[in-house]
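Structure first, then comments.
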Amino acid sequence: MKYAVLVALSAVVCQELVASKKDCPPLVMARAPECDGLDAGKCAALAEDARRGDRVGTGIEKAKRLYEAACQKGDALSCVWAAEFQLGNSYCRAQGLFGRACDMGDYVSCVQAADMISNGSPDGQAAPDPTRAAALYEKACTGGDGGGCAAFADVLELGAGVPKDQRKAAEMRERAKQFGYQSE
């Protein structure tokens, strides 16, 4: 039900921002020369070492850069780590990184990106986009994420970004249960 409240609030805010709808700029990934010539897994291992401080000359800033480089090379978990580092700092960067992980098949990240997109950025840089959020919730559900199914059911019930469809919402709630999602 928390998704329903978020979606309902974002729908109201979205109506107020329709005339000034803004999107995040395209994501430009950080460059990490340390990853040149390495595959995604080895680059991700360097990022993990830097995050944990296992080597001299490491730290969070270096880990952020290395995770983005590993993400760019195709490591979805590195995209998630990079996005987590951006939360609270750069809404658009975090959203883009979660979106990239989603595109790689990390369906929990689809829900993260959808939640952000449905609410818009706190600083007004990006307006809510309930239609795009609904598509990401549906993608997460299709990929087997129960939370995505529950969120998609909420938007179907409210008609936030999609036409209202109570029957399909009930199907999505049942599917969420099949994937092990327990509503609050």
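Full extension of the chain between V28 and K42 gives 2.9 nm of extra length, using 0.36 nm per residue less the Cα-Cα distance.
Using C-alpha pairs below 8 Å separated by at least 6 residues, the relative contact order for the chain is 20 percent.
What value, in deg cm²/dmol to 500, does the helix sum -39500 (n - 2.57) over DSSP H runs of n ≥ 4 give at 222 nm once divided by the residues of the chain?
Details: 9 runs with 118 residues, N = 184.
The helix-only estimate for the chain comes to -20500 deg cm²/dmol at 222 nm.
Of the residues R52, R93, R173, the one that moves most in a GNM of the chain with alpha-carbon contacts below 10 Å is R52. Sorting 133-139, 116-122 by their mean Cβ neighbour count within 10 Å, with the most densely packed peptide first, gives 133-139, 116-122. The number of Lys pairs in the chain with C-alpha atoms less than 22 Å apart, excluding pairs fewer than 8 positions apart on the same chain, is 14. Measuring nothing but alpha carbons in the range 40-184 and taking Rh as the Kirkwood radius, the Rg to Rh ratio lands at 1.06. Remark on the range 22-107: ratio of C-alpha radius of gyration to 2.2 N^0.38 Å is 1.02. Comparing V80, V162, V28 in a Gaussian network model of the chain (Cα springs below 10 Å), the most mobile by mean-square fluctuation is V28.
Coordinate-derived values only; no laboratory data. Keep in mind that what you see is a predicted model, and the values were worked out from it rather than measured. Glycine gets a Cβ as well: all are built from the backbone with ideal geometry, and neighbour counts include every protein chain shown.
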